[in-house]
Amino acid sequence: MPQLPIWSGTSTFKSGNTPYGFYDSDSDFSGSSAHSVDRFADWAAKRLGYPIIDIELQSGSFYACYEEAITEYSAQVNQFNIKDNLLSLQGQSTGSNLTHRTVTNSFGRFITLSEQYGTEAGVGGTVDFKTGSVDIVSGSQQYDLNSLYANVSESGNAIEVRKVYYEGPAAVNKYFDPYAGVNQNNMNMLDAFGWGNYSPSIQFLMMPMYADLLRIQAIELNDQIRKSAYSFELTNNKIRIFPKPVSNYKLYFSYLVKDDRGNPLKGSNVGRVSDISNAPYDNMEFKHINDVGKQWIKKYALALCKELLGTIRSKYSSVPIPNADVTMDGDTLRNESASEKEILVTQLREILEQTSRKAMMEAERDESEALQEKLQKVPYPIYIG
């Protein structure tokens, strides 16, 4: 096998010289800038001892380490951003690359949660309320829910009855009588029992709008509590109607399908962010990384070069020379590399945590409190007039 050349002291990068080619088309990486891969190779070789000693690495070795260092920096920063923004990202489209972009905090998760409460309260939500009916027979209070399936078209699905309706005058029909000017107390009493709208004595008074709204709410609440409205109780598959029917009629009710409410997967989740595995963060563009980040990348890449060189030199523990043996420093280089990489990653993570959304909000709070405390010590100006 021919002897492969080691570091010659210079290199000329060409597209395709890196293992993955993530940054081959980036001019800052492949060109002649201060942070180019050829500049890094020259610097790293000198940091490893060239030209005093030979460096058993080729230009491709330096290129591979530099590429890996950039992707490691990108991964560390992107992992932090995903963790910091995941609540806002879940449910969003995976089609947009969010690398190098600001993610504005949103109420998406809170709105989704509130929709679940809305379903239970009957004031919104994501579960469809459906309408069904049952034929009520005079004198019969109890009915089998299974008989409802023919009317609600939910055969085989468990349903939950949420409201039972009865026919009664709308609150707006009784809207005016509470303000009749003649015998106000009698009119209020009549209205409380549902007769107010039949009063002949109408003499309108000018009232504020909030009083009208409060009165309508009072009428509706009164209809539900004081007057005879239909109610029901459910036990297993039986529904019991109150009060006892005195005629035949059709009773309407609203219901929901239990499986619809219990299903946590609402709508299509294809192409939506679910967790850190599909949050749309790609490798950073090298040209968009600032000098602070590029300095971290150089140091990490140098540690990778030490690791690779240490692995090569560890193939033999010593090399015989005339009258002596030369001990190789492979293990030393690998230990130094492991320590340096750990320190760099720890420092980067600490900086990222210090700039998290939570940390910055706490810093703003502390700054505001300190400012308030300082302002309290400023004497008030003396007015002379």
**Item:** Matching option when the condition is surrounded by fewer than 11 Cβ atoms within 10 Å (Cβ to Cβ) and at pLDDT below 95, among P280, P322
**Value:** P322
**Prompt:** Since F62 meets every condition but one in (1) modelled with pLDDT of 95 or more; (2) more than 25 Å from E342 (Cα to Cα), which condition does it not meet?
**Reply:** (2)
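Residues checked against (1) closer than 30 Å to N85 by Cβ; (2) in contact with a strand residue (DSSP E or B) (Cβ under 7 Å, 6 or more places away or on another chain); (3) outside the structural domain of W296 (by TED's automatic domain parsing); (4) not hydrophobic (A, V, I, L, M, F, W, C):
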residue: A338; (1), (2), (3), (4): no, no, no, no
residue: I343; (1), (2), (3), (4): yes, no, no, no
residue: E353; (1), (2), (3), (4): yes, no, no, yes
residue: M360; (1), (2), (3), (4): yes, no, no, no
residue: A363; (1), (2), (3), (4): yes, no, no, no
residue: E367; (1), (2), (3), (4): yes, no, no, yes
residue: Q372; (1), (2), (3), (4): no, no, no, yes
residue: P381; (1), (2), (3), (4): no, no, yes, yes
**Message:** I need the full set of residues from the range 31-67 which are within 21 Å of V292 (Cα to Cα) and out of contact with any Ser or Thr (no Cβ under 9 Å at 6 or more places or on another chain), in order please.
**Reply:** G31, S32, A34, H35, F40, W43, A44, R47, C65
**Request:** Could you tell me whether A44 is buried (at least 19 other Cβ atoms within 10 Å of the Cβ), at negative phi and hydrophobic (A, V, I, L, M, F, W, C)?
**Result:** yes
**Asked** From the list A34, A44, which residue is of a type in the set (G, A, S) and assigned to a helix (DSSP H, G or I)?
**Response** A44
**Request:** Could you tell me which residue of the range 243-271 is nearest to V161 (Cα to Cα), considering only residues that are modelled with pLDDT under 80 and more than 39 Å from the chain's Cα centre (by Cα)?
**Result:** Y252
**Asked** Mind checking which pairs have a first residue in the range 345-370 that is more than 12 Å from W296 (Cβ to Cβ) and a second that is surrounded by 10 or more Cβ atoms within 10 Å (Cβ to Cβ) and hydrophobic (A, V, I, L, M, F, W, C), Cβ under 7 Å, 6 or more apart or different chains?
**Response** E353/A359
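From T126, T99, T71, which residue is surrounded by 11 or more Cβ atoms within 10 Å (Cβ to Cβ), modelled with pLDDT of 90 or more and assigned to a loop (DSSP other than H, G, I, E, B)? So that I can check it myself, show each step before the final result.
Values: T126 fails: modelled with pLDDT of 90 or more; T71 fails: assigned to a loop (DSSP other than H, G, I, E, B).
Within the list T126, T99, T71, the selection yields T99.
The values are calculated or read from the model by the stated rules, or taken from the named source; none is laboratory data. Remember, predicted model here, so these are calculated numbers, not experimental data. Backbone-built Cβ (ideal geometry, glycine too); neighbour counts: all protein chains shown.
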